[in-house]
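Scroll down for the structure; my scribbles are underneath it.
Coordinate-derived values only; no laboratory data. Note that the structure is a prediction, hence the values are computed from the model and not measured. Neighbour counts run over all protein chains shown; Cβ positions are idealised from the backbone, glycine included.
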Amino acid sequence: MAAAPAPERRRIDPALVVMLAGVCAALHVGKLAPAIGALQQALALTLVQAGFALGIVQAAGMCLGLAFGAGADGLGARRSMLIGLLVLGTASALGGSATGAAMLMALRGVEGLGFLLVALPAPGLVRRLVPAARVDRVLGVWGAYMPVATALALLLGPLVIGALTWRGWWWTLATVTFAMAVWLAHAVPADVERGSATGGVRGGTPDSTSGVATAAASSRAPPACGDAWSARLRQTLVAPGPWLVALCFAMYSGQWLAVIGFLPTLYTQAGVSPTAVGALTALAAAVNAIGNLSAGRLMHRGVPPPRLLATGFAVMALAAAAAFGGNDGNSDGGLPPAWRYAAVLLFSGVGGLVPATLFALAVRLAPGEGTISTTVGWMQQWSSFGQFAGPPAVAWLASVAGGWQFTWLATGACSAAGLLLTALLARRLRLHRGR
């Protein structure tokens with residue numbers, strides 16, 4: 001009798017590995033917030049310098065997001081992510097040896113390049129790895145990669161820094177990132193790269209969303225690499241959809257990072273213990289993932305994306321006013337501390353509806369299948385601008401005012417602009433459906 005075949009070992013979903021790689025990359029964005037106090041002592045950083053250090057990792061995205069997105073579309077999503085993880089691991093390993101603020105900030109900029117190479121192609125790669133019916137829901141999960149990473153950094157960072165100093169924190173994340181690169185290389189099949197330039201192939205069937213442009217592209221010889229790269233840039237920049245999602249993301253990301261990034265500093269100044277600071281700020285970041293996951297489910301059930309965006313921006317404006325208004329840290333003005341913290345949780349949690357919705361819209365409003373990473377890159381470029389400009393602006397406002405009581409003015413202005421952009425996006429989606 002022939003022996004029964006051995007049961008096939010269950011493989012981890014490659015899409016999950018891609019999302020975990022995104023979390024790993026985003027850990028390098030969030031790793032500085034819990035280290036600000038240690039860095040101020042070790043490298044004599046001022047509060048405004050700390051704000052720039054929080055945002056400078058986004059400088060590469062602010063300047064090169066569009067170009068890197070177009071390059072990732074041509075390079076291949078899996079290959080781009082592997083290179084990005086290796087760049088992040090190397091920069092973090094070297095950053096742990098930094099002897100001054102200039103060296104640390106320069107390496108934070110290099111980490112920004114690695115982050116782009118990982119984050120930009122990930123949504124398109126996830127889209128090719130999951131069935132079409134699950135795309136909105138899975139991209140909602142992907143939208144949680146940044147808050148999950150920020151929460152992990154805020155929770156684990158103080159523990160590692162306390163045991164190994166801030167340098168050990170940098171080296172620990174370098175080790176984790178190199179391990180993630182090995183896992184991604186083994187878990188995500190290399191043949192997923194096939195067709196990434198013109199895309200639209202899932203399970204051997206052309207993707208219907210690629211439309212006439214893909215059909216036309218397949219009927220002629222492929223253009224040269226440089227021509228294809230410039231064509232992706234041009235196709236993305238002349239389309240209104242990528243502009244709207246990009247500017248909308250900037251209005252969200254700047255205020256979110258400014259509030260969450262400075263929470264450890266704010267609570268430390270208020271005399272909260274380091275352990276409690278880590279737990280409070282980690283929870284504030286983590287609840288953002290609830291909004292991300294909820295957005296994916298709600299879109300899957302047919303809730304219009306503009307309604308989710310409007311809800312997120314409106315609640316962020318009101319919650320920031322409740323959390324910071326009337327309290328300068330030196331008086332009893334404003335709400336009691338517990339209520340202000342509840343408002344911060346509301347700000348982050350309901351605000352989480354915004355990024356997940358925008359990731360889904362970026363995939364939907366990309367001008368062609370071969371421009372998904374380029375569109376996400378343009379969105380990341382403006383998101384990076386928001387994250388680069390937001391923390392220093394809020395830090396400057398706090399320094400001038402002598403407290404954090406006017407933070408809500410900066411976040412409220414961002415939310416108001418986000419609501420205006422949401423109205424324009426709703427109009428664009430109506431036109432998109434009418435074609």
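When ranked by the protection proxy of mean other Cβ atoms within 10 Å per residue, highest first, what sequence do the peptides 37-43, 417-423 form?
Numbers: 37-43: 16.7, 417-423: 19.0.
Order by mean packing, descending: 417-423, 37-43.
Provide the packing ranking of 18-26, 338-346, 249-257, i.e. peptides ordered by the mean count of other C-beta atoms within 10 Å per residue, highest first. Working shown, then result.
Numbers: 18-26: 23.6, 338-346: 16.8, 249-257: 27.9.
Highest-to-lowest ranking by the protection proxy: 249-257, 18-26, 338-346.
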Response to the item:
Looks like the stretch 356-435, by Cα gyration tensor root eigenvalues a ≥ b ≥ c and the a/c under 1.5 rounded cutoff (else prolate when a/b is bigger than b/c, oblate otherwise), is oblate
Worksheet item: What order, most packed first, do the peptides 122-128, 298-304 have when packing is the mean number of other Cβ atoms within 10 Å of each residue?
Response: 122-128, 298-304
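Tell me the volume per residue, in Å³, of the convex hull enclosing the alpha carbons of the stretch 231-278. All intermediate terms of the calculation are to be shown ahead of the outcome.
Values: hull volume 3.9 nm³, N = 48.
Each residue corresponds to 81 Å³ of Cα convex hull volume.
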